[in-house]
Structures are given as C-alpha cells and as structure tokens.
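Visitor: Dropping the structure in here first, questions after.
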Amino acid sequence: GEVVIEFDVTLGATLDNGTVVTNQSTLRRSDGSVFTLSDDPNVNGSADPEVTGDEDPTRVTIASSAFFRVQKISTDLTGDPNILLAGETLRYTITVQNIGNGDAVDVLLRDAVPVNTSYVAGSTTLNGSAVADAGGLSPLVNGMPINPPADPTPGSMPADASGSPANTATITFDVVVDPNVVEGTIISNQGFVTAIASGVVDYPSDDPATPIAN
C-alpha cells in the first residue's frame with residue numbers, strides 16, 4: 001500500500017541567494033521509536049532500505065536577487081512651478097527602493113550636477129537629514145551610500161516588494177539654473193544606483209512623468 005502526504009510552506013520574504021532549505025520526515029512506530037527517515041531520490045539516488053543512515057533530506061536551493069526602482073522628479077522652488085526660468089532654484093528628489101527578493105549592501109547613488117546649473121552647497125539630504133558635502137562638491141558626484149529609514153546602516157537596502165516608505169531611501173539636492181542660459185535649453189539629469197555585491201552597476205533613475213522607462 002501507499003500513503004501520500006502533502007503540505008505547503010511559505011519561504012521567508014528575504015533569503016540569501018544560494019540558501020539551501022532542507023526538510024526531512026521521520027516515520028515512527030506506535031511506541032515513538034524511529035522506523036526510518038524520508039529520502040530525496042534526486043540526491044544521491046534512492047536510499048537503500050537495507051542501509052541505515054543513507055537517507056537524504058529534500059533540498060531546495062533559493063535563487064534571489066536585488067532589483068531597484070529608482071524614480072526622480074524635479075521641482076521648481078522659485079516662481080511658477082510650471083515654468084522654469086534662468087536663475088531659479090531646482091530641487092531634485094530621488095526615491096530608491098529594493099523591490100527584489102534579496103537584500104542589498106554597499107548600495108551607492110551617483111548623480112552629477114546637470115550642465116547649465118550650479119550645485120547649492122549643503123543642500124543634499126538623505127531621508128530628511130543633511131549630508132555633508134565632499135570637498136566642496138555634492139556628495140553624490142562620486143557616489144554616496146544610501147539606506148532607508150528602517151535600516152540606518154549606510155549602503156544597506158533591505159528587500160521589500162511592497163516598496164513601503166520605511167524601506168524607501170529618499171534623497172534630495174538643489175541646483176541653481178545658470179542665469180545666462182538660453183531660453184528653451186533642456187536641463188537634463190539622471191541618477192545611477194550601484195550595488196556591486198548584488199550585480200547591479202549604474203542602474204538609472206526614471207522620470208515617472210514620462211512614458212519611456214529609465
């Protein structure tokens with residue numbers, strides 16, 4: 001005769017890539033003593049019922065990775081918010097979320113000051129807190145470690161498929177448009193996220209107000 005038993009488990013929301021989840025059943029006699037263990041025939045072949053201890057646990061290898069959603073908007077801080085004029089101040093707001101299924105470490109955001117503008121000294125913030133400039137330059141120019149409010153570790157971006165505010169890193173900085181810029185000039189800027197340990201290099205920001213991705 002044969003009996004089939006099935007049950008389901010839910011994996012943890014974040015597991016390191018390559019993690020091996022193992023499970024093994026125990027068949028017991030009515031007195032509680034062990035009769036035998038389950039065997040995964042996909043590991044080392046089927047167990048020999050005449051050999052004790054050659055039963056293999058069932059193994060599942062986890063594949064996980066970080067995946068970023070990086071969005072960036074601009075806001076005119078002076079004058080008409082719908083018309084950007086020469087000499088006005090522009091604020092960039094960048095939000096970074098790890099919506100993959102693997103935590104990321106050593107995450108950096110790099111962002112150059114756009115052409116035809118000048119950086120406003122001391123204007124960079126991370127999650128609402130000021131970030132010191134680096135050698136008179138924006139700390140983003142050479143790459144700045146980022147993290148969300150829920151994890152204060154610099155460079156740490158926990159996986160959160162929901163993209164909750166607690167796990168969203170928010171970065172802002174201000175620039176002033178060149179007062180002599182020609183009318184009709186396009187001020188273009190894009191940030192890039194790098195997390196070498198997660199295999200992510202220069203993942204670009206996206207303007208959510210445009211239909212084209214990235």
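Visitor: For the subset of the range 45-82 comprising residues that are of a type in the set (S, T, N, Q) and more than 27 Å from GLY12 (Cβ to Cβ), which member is nearest to the chain's Cα centre (by Cα)?
Guide: Just the residues of the range 45-82 that are of a type in the set (S, T, N, Q), to begin with: 46, 52, 58, 61, 64-65, 71, 74-75, 78, 82.
From the residues that got through so far, the ones that are more than 27 Å from GLY12 (Cβ to Cβ) too are 46, 52, 71, 74-75, 78, 82.
Numbers: SER46: 41, THR52: 46, GLN71: 12, SER74: 22, THR75: 25, THR78: 33, ASN82: 32 Å.
My answer is GLN71.
Visitor: Would you say ILE196 is over 23 Å from LEU85 (Cβ atoms) and open to solvent by less than 20 Å² (accessible area, probe 1.4 Å)?
Guide: Details: over 23 Å from LEU85 (Cβ atoms): yes; open to solvent by less than 20 Å² (accessible area, probe 1.4 Å): no.
For ILE196, the condition - over 23 Å from LEU85 (Cβ atoms) and open to solvent by less than 20 Å² (accessible area, probe 1.4 Å) - is not met.
Visitor: Considering only residues that are part of a loop (DSSP other than H, G, I, E, B), among the charged types (D, E, K, R) and surrounded by 15 or more Cβ atoms within 10 Å (Cβ to Cβ), which ones fall in the range 174-186?
Guide: If we filter the range 174-186 for residues that are part of a loop (DSSP other than H, G, I, E, B), which is where we start, we get 178-186.
If we keep only those that are among the charged types (D, E, K, R) too, we end up with 178, 183.
The one that is part of a loop (DSSP other than H, G, I, E, B), among the charged types (D, E, K, R) and surrounded by 15 or more Cβ atoms within 10 Å (Cβ to Cβ): ASP178.
Visitor: May I ask you to list the residues in the range 35-70 that are of a type in the set (Ser, Thr, Tyr) and open to solvent by less than 30 Å² (accessible area, probe 1.4 Å)? Working first, answer last.
Guide: Filtering the range 35-70 for residues of a type in the set (Ser, Thr, Tyr) gives 36, 38, 46, 52, 58, 61, 64-65.
Within the range 35-70, just SER64 meets the criteria.
Visitor: Would you say ILE73 is of a type outside the set (Lys, Arg), surrounded by fewer than 12 Cβ atoms within 10 Å (Cβ to Cβ) and either outside any strand (DSSP E or B) or in contact (Cβ under 8 Å) with a residue 60 or more places away in the chain (or both)? Break it down stepwise before answering.
Guide: Values: of a type outside the set (Lys, Arg): yes; surrounded by fewer than 12 Cβ atoms within 10 Å (Cβ to Cβ): no; either outside any strand (DSSP E or B) or in contact (Cβ under 8 Å) with a residue 60 or more places away in the chain (or both): yes.
Judged against the criteria, ILE73 is not a match.
Visitor: So, one more: Pull up the range 10-34, narrow it to residues that are in contact (Cβ under 8 Å) with a residue 12 or more places away in the chain and open to solvent by 100 Å² or more (accessible area, probe 1.4 Å), then point me to the one that is farthest from ALA63 (Cα to Cα). Break it down into steps so the answer makes sense when it comes.
Guide: Residues of the range 10-34 that are in contact (Cβ under 8 Å) with a residue 12 or more places away in the chain, as a first pass: 11, 13-26.
So of that shortlist, the ones also open to solvent by 100 Å² or more (accessible area, probe 1.4 Å) come out as 16-17.
Numbers: ASP16: 8, ASN17: 5 Å.
Filtering first and then ranking leaves ASP16.
The values are calculated or read from the model by the stated rules, or taken from the named source; none is laboratory data. Fair warning: this is a prediction, and the values are worked out from it, not measured in the lab. So basically every Cβ, Gly included, is an ideal-geometry build from the backbone, and we count neighbours across all protein chains shown. Only protein heavy atoms, including side chains, enter the accessible area calculation; ligands, DNA and RNA are left aside. Shrake-Rupley method; radii C 1.70, N 1.55, O 1.52, S 1.80 Å.
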